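What follows is one structure encoded as structure tokens, with my remarks underneath.
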């Protein structure tokens with residue numbers, strides 16, 4: 001409870017324009033913002049740009065935060081908007097999401113097994129990168145941040161059923177795409 005109160009006080013002092021408080025807020029959230037941006041864009045440079053845009057928007061808009069939702073939900077909305085803005089600015093294919101980045105390699109695996117795993121990971125990233133932005137962001141928020149459908153619905157300002165539908169379409173697309181790649185590889189072997 002004390003942590004929540006101090007967090008609320010920190011946000012209030014940021015709203016009042018205290019620079020030290022904003023620095024503290026930045027330190028608390030910088031890794032989370034960068035992680036979402038990196039998993040969305042798949043590119044460290046683009047992720048840095050997205051994170052920077054997010055914090056610039058946060059700095060300029062913190063006074064408008066009314067507390068109608070949690071601060072984290074409001075911040076995720078800023079990140080999502082910055083991701084979409086970056087996508088619109090780039091107007092080019094942006095690779096996404098290293099789903100397997102969190103896996104720790106087993107030292108007992110052979111070089112061949114490691115190479116095959118890296119190839120599979122690249123195919124998954126490529127398939128995710130082909131998803132429309134609305135589907136890609138729900139994949140990122142669900143699987144890299146572990147958000148619930150309700151949390152994502154609040155962040156993306158749409159019904160939870162829409163989130164479920166977007167995830168379902170993303171799963172279907174990924175399943176078809178990855179099965180087709182596997183079939184193509186088996187034919188060539």
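Things to note:
- Beta carbons closer than 9 Å, at least 6 apart along the sequence or on distinct chains, pair a first residue in the range 117-130 that is free of Cβ contacts under 8 Å to residues at least 24 places away in the same chain with a second that is surrounded by 15 or more Cβ atoms within 10 Å (Cβ to Cβ) and part of a helix (DSSP H, G or I) for 120/178; 121/99.
- Unique residue being closer than 18 Å to residue 74 by Cα, surrounded by fewer than 17 Cβ atoms within 10 Å (Cβ to Cβ) and at pLDDT below 90 when the list is 61, 24: 61
The values are calculated or read from the model by the stated rules, or taken from the named source; none is laboratory data. Keep in mind the model is a prediction, meaning the values are calculated, not measured. Here Cβ is always computed from backbone atoms with ideal geometry, including for glycine, and neighbour counts include all displayed protein chains.
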